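The values are calculated or read from the model by the stated rules, or taken from the named source; none is laboratory data. Model, not experiment: these values are computed from the prediction. Positions of Cβ are backbone-derived with ideal geometry, glycine not excepted, and every protein chain shown enters the neighbour counts.
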Amino acid sequence: MKDFPIPVVASGPGSQPEDENLLYMPLPNSMMTFSLPVLHDEADPALMAAACMMVGQLRDKMEVTPLGSPAIPVIELQDMDTEVVRLLNQTMGEGEVSISVRGSSAYRIQETVFAGVWRLHEFAADGRLARDAIMACAIPPMVTQWAQADVSLDCPIPEKTPGIMNALSVLTEVVGKAKAFKAGDGAHVVNLTLLPMSPEDMECLTQTLGAGAVTILSRGYGNCRITSTRLPNVWWVQYFNSMDTLILNTVEVCEVPEVAQASIEDYEDSIERLGEWLLVMQEPENRGA
């Protein structure tokens, strides 16, 4: 995952006062580090062989599929033996990034301890599990797809009301950048932390930008909550310290904020680590007790 960013200066002096009434989803307060998974129970050899076959297939696909390629390495698990899936879940663990996607289909996506390797669950409208898969990519494509669902560039700037200082100028800037945004453009970041922002400003931004379908929680170097908005390619990105205090608050115009995505280095490193995983899991004497 990406390192904790250096704040990007937008414009204007001052800092944002903290609003004690704002509520944020509780976030973990520890930094994730990689270690090879350890099985605490002796796994059935047949189940382990099946799990290793799945991981080997994924690694083989990743080796011949560079990050960013249209073809994404995927292993479908929907029809796999539930005990094999349980073993895969146990040994691949949970990594830094969790994603929730709401829409006509709902997704719960969890990065594994192998950066850029994701466990994906898709649920039908009736709550039934419709898809279970492992996917290797910077970020699963349905995240970008659903972040663009039910969005609109029709975003009228509200009238100035008492208490509003900078919200209207921020909205004018963000809407303008969103309208000009093209795929492949770099992120445009407005750092609200460095601007004088009143509670009325924050309320105006929240109400005008609205909430989109995607919520991303990243537990890398610092905790981060990322939410899509009703404006296409506009995201709210909030960083918290270990006490869950908001320390950096930005609005980003981009396809998906970089902090949520696996890098090329992550991807290549995971290919190597998956090879180590296979060596450990295929040799019983190498597995921890």
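Between residues in the range 262-280 that are farther than 20 Å from Ile109 by Cβ and in contact (Cβ under 8 Å) with a residue 24 or more places away in the chain and residues that are surrounded by 14 or more Cβ atoms within 10 Å (Cβ to Cβ) and β-branched (Val, Ile, Thr), which pairs lie under 7 Å by C-beta distance while being six or more apart or on different chains? Listed pairs, sorted by first residue: Trp277/Val55; Leu278/Val55.
Yes/no matrix, rows are residues, columns are (1) at pLDDT below 95; (2) over 15 Å from Cys254 (Cβ atoms):
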{"position": "Cys155", "(1), (2)": "yes, yes"}
{"position": "Asn166", "(1), (2)": "no, yes"}
{"position": "Ser169", "(1), (2)": "no, yes"}
{"position": "Lys177", "(1), (2)": "no, no"}
{"position": "Ala180", "(1), (2)": "no, no"}
{"position": "Ala183", "(1), (2)": "yes, no"}
{"position": "His188", "(1), (2)": "no, no"}
{"position": "Asn191", "(1), (2)": "no, no"}
{"position": "Glu200", "(1), (2)": "no, yes"}
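Restricting attention to the range 147-164, the residues that are within 22 Å of Asn191 (Cα to Cα) and buried (at least 16 other Cβ atoms within 10 Å of the Cβ) add up to 3.
Inclusion of Cys224 among residues that are in contact with a strand residue (DSSP E or B) (Cβ under 8 Å, 6 or more places away or on another chain), surrounded by fewer than 20 Cβ atoms within 10 Å (Cβ to Cβ) and either in the same structural domain as Arg59 (by TED's automatic domain parsing) or farther than 30 Å from Ala50 by Cα (or both) is not warranted. Every test in (1) farther than 20 Å from Val101 by Cβ; (2) out of contact with any Gly (no Cβ under 7 Å at 6 or more places or on another chain); (3) part of a loop (DSSP other than H, G, I, E, B) is passed by Asp150 save one, and that test is (1).
When the range 115-143 is filtered for residues that are in a helix (DSSP H, G or I) and surrounded by 16 or more Cβ atoms within 10 Å (Cβ to Cβ), the ones remaining, listed by number, are Met142, Val143.
Against the test of being in a helix (DSSP H, G or I) and either acidic (Asp, Glu) or closer than 27 Å to Trp118 by Cα (or both), the options Glu203, Glu255 yield a single qualifying residue, Glu203. Selection of the range 58-77 for residues being touching a helix residue (DSSP H, G or I) at 6+ places or on another chain (Cβ under 9 Å) and more than 18 Å from Leu278 (Cα to Cα) yields Pro66, Leu67, Gly68, Ala71, Ile72, Leu77. Restricting attention to the range 32-42, does a residue exist that is modelled with pLDDT of 90 or more and either touching a His at 6+ places or on another chain (Cβ under 9 Å) or surrounded by 13 or more Cβ atoms within 10 Å (Cβ to Cβ) (or both)? There is no residue in the range 32-42 that is modelled with pLDDT of 90 or more and either touching a His at 6+ places or on another chain (Cβ under 9 Å) or surrounded by 13 or more Cβ atoms within 10 Å (Cβ to Cβ) (or both). In the range 96-153, of all residues being at pLDDT below 95 and aromatic (Phe, Trp, Tyr), the one that is nearest to Thr227 (Cα to Cα) corresponds to Trp146. Tell me whether the range 237-253 contains one or more residues that are at pLDDT below 95, closer than 26 Å to Leu153 by Cα, hydrophobic (A, V, I, L, M, F, W, C) and crowded, with 23+ Cβ neighbours inside 10 Å. No.
Condition test on Val55, is it under 19 Å from the mean Cα position of the chain (by Cα), assigned by TED's automatic domain parsing to the domain that holds Cys137 and surrounded by 15 or more Cβ atoms within 10 Å (Cβ to Cβ)? For Val55, the condition - under 19 Å from the mean Cα position of the chain (by Cα), assigned by TED's automatic domain parsing to the domain that holds Cys137 and surrounded by 15 or more Cβ atoms within 10 Å (Cβ to Cβ) - is not met.
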